[in-house]
Each structure stands twice: as structure tokens, then as C-alpha cells.
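Participant: Starting off with a structure, shown below.
The values are calculated or read from the model by the stated rules, or taken from the named source; none is laboratory data. Computed from a prediction, not measured in an experiment: that's the story for all the values here. Just so you know, the surface numbers come from the protein's heavy atoms only, side chains and all, with ligands and any DNA or RNA stripped out. Shrake-Rupley method; radii C 1.70, N 1.55, O 1.52, S 1.80 Å.
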Amino acid sequence: MVQEVGTGVKSLSIGDHVIAGNITFGAWRNNGISHEDDFLKVSKNLPIPYAASIHVNPCTAYRMLRDFVKLEVGDVIIQNAANSMVGIAVIQMAKLMGVRTINIIRSDRPNADDSVGGTINVLDTFVGTAAFNEMLGELPPIKLGFNGVGGDSATEMSRALGVNGHMVTYGGMSKKPMAIPSDILIEKQLNLHGFWISRWHEANTKADRTRMLDAITDMILTDQLSFFYEMHDFDDFDHALRSSMEPFRLRKTILNMDYPDRFQEHDEKTEEDYWHFQAPNDV
């Protein structure tokens, strides 16, 4: 939150809620002094967990749906890592665009059978089977695929794309190299792209970034876009870090830097103010 503004500041006022305008801006601080161009204003109605995480995952989904293929109502896209934060955002945003989604979930996840809300949700073990290919035959050619896993999942997804299809790689959760068969690449004339939201933020104007954030904020405030969060006070950092590193998590871990001092009352008391528990002698 903006606490003080200097002379000549035009875009911000005291009390405004802001996020870092540059994704590399250091956020591990309680207070800081910077130029107004280092910040982007967000709605005060935006819940803190959403404001803290809006810059990366939702923006990644938003841009991938708009920057590679002109999608129309009724089109079909495919993605792996469908139960990641990006994947969940893609499902919800695509629905608003009238675009259908095929969502691949890794079968080694304990929540693999949970619905992620997409049009078609399948396990990775089903992809590439005769039944899967038969299903694809009943749909329009797939124009666009989002790859956040790599490895065999990316290979199978490339086979599912239609002629002149585009596959956008934004992550590699499997930590395995991506291999696209030459015959598939040649025969389908596939278009392969890499995407990193940091580069997009760096290459575009503040006005462009603000328009995108406003659009995403509107989706959130109208309950058309939602995520799973858990918030921890900063004094609970060790537990929050361990929790965030647990495998197969659906919730995004958020640290509350402006946490209340829950021990203030304790600190103000003297030792004589406390009753010391003693077990009864007859127990």
C-alpha cells in the first residue's frame, strides 16, 4: 500500500494498493522507496492473496490464450499440468471465451480423479490410446496446446494437435527433455513456441500491463476466476516454506508480511502476572 508520495507523482495516491511493475522487483521488504513507474496500481477490492499472485500465473494463462492463435467460440485447446495454477486459470479464462479445453492430469497425483472444471479432463495414461484418438476425431482440429510438463506428455500432446497447430511451452515440471517426433512436426507443420511471462512484462508498456491486470481483476471480482490459497503470517515462515515444498499441492502459499503481533499482550505482562500450572497432589 502506498504510504507516502513525493512531489510530481501523478499516477499514485496515498492508500493506493500496488504491485511491483517489474517482476524482478524485490518484494521481500516491509517498506521501500521507489519511483512511481516501478509500480502498477490494482483495485483495493482485490483480495490480498490474489493481488500477491496476479503478476505471474494468471497473466501467463491470459497471454498464452491471446498471443499465439486467434481463438474463436467453439475452438478446442489442449493442455497438460491442468491442475496447476496456470492450468486452472486457462480453464476458467477459456470458458469465458467460449473455447473448449482438453485437460491432461498426471496420473501419479493423489488428486488425479478430482475435476478441474474443464470441458474434457483425462489422465496422462489415457492420452495416445485408441479411445483418446477416437475422441479427438469427434472434435474440431486442436489449434493450440500449452505444455508445462515436458517429457512424454509434451510428445503425446504434439500428436494431438491439428495441422498448423501451435504448442506453447511455459514450464517443464517433469524435468525431462521434450522430444517432438520429426514426422509429426513435418506432416502437421507444427509451430513450437517458448513463453516466459517475465519477458512479456519487460517488452510491453505500463499501459499494456495495466489493461491486462484490469481485465484479470474484473474476472476475479465477478467470481469468474478463482484459485486455491493458504496464507501464513511471516513469523510462521518455516512452516509455510515446508508446506509450499510438499508435493502434489493445489494451494498457493502466500506470506502475510503485515501480520499482527499475537504475542504483544504476552510481552507487556510481567512474570508475576502469570499463574503457573501445578498438578493436584491427589492425581
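Participant: May I ask what percent, to the nearest 5, of DSSP beta bridges between residues of the chain are antiparallel? Could you put the intermediate results ahead of the total?
Facilitator: Details: 4 of 29 bridges.
Once the DSSP bridges in the chain are tallied, antiparallel ones form about 15 percent.
Participant: How high is the relative contact order of region 73-229, in percent, counting Cα pairs under 8 Å that sit 6 or more residues apart? Write out the running numbers ahead of the final one.
Facilitator: Working: 251 pairs, mean separation 31.6, N = 157.
Once normalised by length, the contact order is 20 percent.
Participant: I've got another one for you. What figure in square angstrom, to the nearest 10, would you give for the accessible area of Glu246 with a 1.4 Å probe?
Facilitator: 100
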